[in-house]
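Here is the structure we will look at, set down as structure tokens.
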Amino acid sequence: MDEIHAIIPVSPGESAQVIDNSMKSIQQLEAPSGSRLNVHYVIDSEDTEKDLRLSKTGYYEFNSYFRELKNGTKAGALNYVIEQIDSPDYIAIFDVDSRPSEDFIVKCKETLDSSEDVFLASCPRKILNHEQNLVTKMAGAEFELFNDIQYINDKYNSFNTFNGPISLIDGDYVKNNHFDEQATCEDIEFVQEAYIDGLRTKMTDENLRW
């Protein structure tokens, strides 16, 4: 059985409501046939003993970790969990404000498994409230532009990264190549190193994140 581990880093400034909304969404994710999905929330805190955010959420059967704010980077949170997982077949990464469709992992796994040189699969993105006001409409248009550029890069096997590492990644590659905690953009640095190793990313044919 394939072991899929989903990691969601949470910064100190995120509220209990944001965490709970994330957990409600992640709870809906489907595991591919023959796979088991394990979910890990990494909650960075300035004071772990007084941080009550998790207790204010609903009951979810997820693994959760509190980190004292020594290294508050996303890369540090991701590495914290990766180091505790023995042999993951796949690693899924989400932001706390990600709202993936139920079949996100299923479709990304199909895309990731489609070629031996693909190490990471993701999808086009859009924002939930793009019709709310002028600012959100502009942000929505920006996402549409990014999606078009990413599809062009994907078509021609050009260097392709995403707006954050929201994706499904080959587990062996992640275990052997952690995220650089000193990098300004850990996701771009991570993808760049993989391309140097002769690997590439791949996009799904469908929009699997709102």
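The values are calculated or read from the model by the stated rules, or taken from the named source; none is laboratory data. All of these numbers come straight from a predicted model, not from anything done at the bench. All Cβ positions, glycine included, derive from the backbone under ideal geometry; neighbour counts span all protein chains shown. For accessibility, only protein heavy atoms count, side chains too; no ligands or nucleic acids. Shrake-Rupley method; radii C 1.70, N 1.55, O 1.52, S 1.80 Å.
Any residue at all in the range 71-83 that is within 23 Å of Q182 (Cβ to Cβ), among the aromatic types (F, W, Y) and surrounded by 14 or more Cβ atoms within 10 Å (Cβ to Cβ)? Yes: the range 71-83 contains one or more residues that are within 23 Å of Q182 (Cβ to Cβ), among the aromatic types (F, W, Y) and surrounded by 14 or more Cβ atoms within 10 Å (Cβ to Cβ). Can you spot a residue in the range 17-26 that is farther than 21 Å from S101 by Cβ and surrounded by fewer than 20 Cβ atoms within 10 Å (Cβ to Cβ)? For the range 17-26, residues farther than 21 Å from S101 by Cβ and surrounded by fewer than 20 Cβ atoms within 10 Å (Cβ to Cβ): present. Residues in the range 7-44 that are more than 14 Å from the chain's Cα centre (by Cα), of a type in the set (A, V, I, L, M) and closer than 14 Å to T73 by Cα: I43 only.
Taking (1) under 18 Å from D172 (Cβ atoms); (2) loosely packed, with under 15 Cβ neighbours inside 10 Å in turn, A6 satisfies each apart from (2). Pairs meeting the criteria (first residue in the range 164-179 and touching a residue at least 24 places away in the same chain (Cβ under 8 Å) and at positive phi, second residue in a loop (DSSP other than H, G, I, E, B) and open to solvent by 10 Å² or more (accessible area, probe 1.4 Å), beta carbons under 6 Å, at least 6 apart or on different chains) are G164/D95. When you check L78 against the structure, is it under 20 Å from C123 (Cβ atoms) and touching a Leu at 6+ places or on another chain (Cβ under 7 Å), yes or no? Answer is no for this residue. Y151 is checked against (1) surrounded by fewer than 15 Cβ atoms within 10 Å (Cβ to Cβ); (2) at pLDDT below 90; (3) assigned to a loop (DSSP other than H, G, I, E, B) and fails just one. What number does that condition carry? Result: Y151 fails condition (3) only. Look at the range 82-108: where a residue is among the polar types (S, T, N, Q) and a partner is crowded, with 19+ Cβ neighbours inside 10 Å, sitting 6+ places away or on another chain with Cβ atoms under 6 Å, you get S98/I166; S101/L208. Taking the conditions exactly as written (part of a strand (DSSP E or B), of a type outside the set (S, T, Y) and open to solvent by less than 30 Å² (accessible area, probe 1.4 Å)), does V42 satisfy them or not? Criteria met by V42. Kindly check whether there is at least one residue in the range 53-62 that is aliphatic (A, V, I, L, M), open to solvent by 20 Å² or more (accessible area, probe 1.4 Å) and under 18 Å from E102 (Cβ atoms). No: the range 53-62 contains no residue that is aliphatic (A, V, I, L, M), open to solvent by 20 Å² or more (accessible area, probe 1.4 Å) and under 18 Å from E102 (Cβ atoms). Residues of the range 196-206 that are open to solvent by 50 Å² or more (accessible area, probe 1.4 Å), under 24 Å from D148 (Cβ atoms) and modelled with pLDDT of 90 or more: K202 alone. Exactly one residue out of S33, S98 is of a type in the set (S, T, N, Q), open to solvent by less than 50 Å² (accessible area, probe 1.4 Å), part of a loop (DSSP other than H, G, I, E, B) and under 28 Å from P124 (Cα atoms): that is S98. In contact with an Asp or Glu (Cβ under 7 Å, 6 or more places away or on another chain) and hydrophobic (A, V, I, L, M, F, W, C), is that true of I8? The answer is no for I8.
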